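Note sheet for the following structure.
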Amino acid sequence: MIREIITDVLLALAVLTVAAAALGVAVMPSAAARLHYVTPVAVVAPVLVLLAVFVTEGLDENTGETLLAVLVMIAAAPFLSHATIRAIRASENSGGNAGDKERA
């Protein structure tokens, strides 16, 4: 009974994190500002889901697979954010054609 409640709370927090981030993305004026609201979805929500799986399954194959997936997401998130912001800035600085400026 307690495990189900803890799992439900963790999953509800994950859903609220994603909903709040989506709201932030919706109201921000620029793509660079919106990018800040993607981080909780890429880092916080998966960790909450991982904890929910751990509470439900214990140490199991499912927990290990979920842990690996979350670790890959957390490791990749900063690189993806950095590449995205560089592409946004290059596009803004070159008038829409990001490739020309870097080739010159």
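Read the figures in this text as sums done on the coordinates, not as results from a lab. These figures come from a predicted structure and were not determined experimentally. Positions of Cβ are generated from backbone atoms using ideal geometry, with glycine treated the same way; all protein chains shown enter the neighbour counts.
A viscosity of 0.692 mPa s and a temperature of 37 °C, combined with the Kirkwood radius over C-alpha pairs in the Stokes-Einstein formula, give the chain a diffusion coefficient of 209 µm²/s. Estimated purely from DSSP H runs of n ≥ 4, each contributing -39500 (n - 2.57), the mean residue ellipticity at 222 nm for the chain is -26500 deg cm²/dmol once divided by its residues. Computed from Cα positions, the angle between helix 2-27 and the longest principal axis of the chain comes to roughly 20 degrees. Cut-off 14 Å, label point 7 angstrom out along Cα-to-Cβ of residue 57: give me the residues of segment 63-92 whose amide nitrogen falls inside. Correct set: 63-71.
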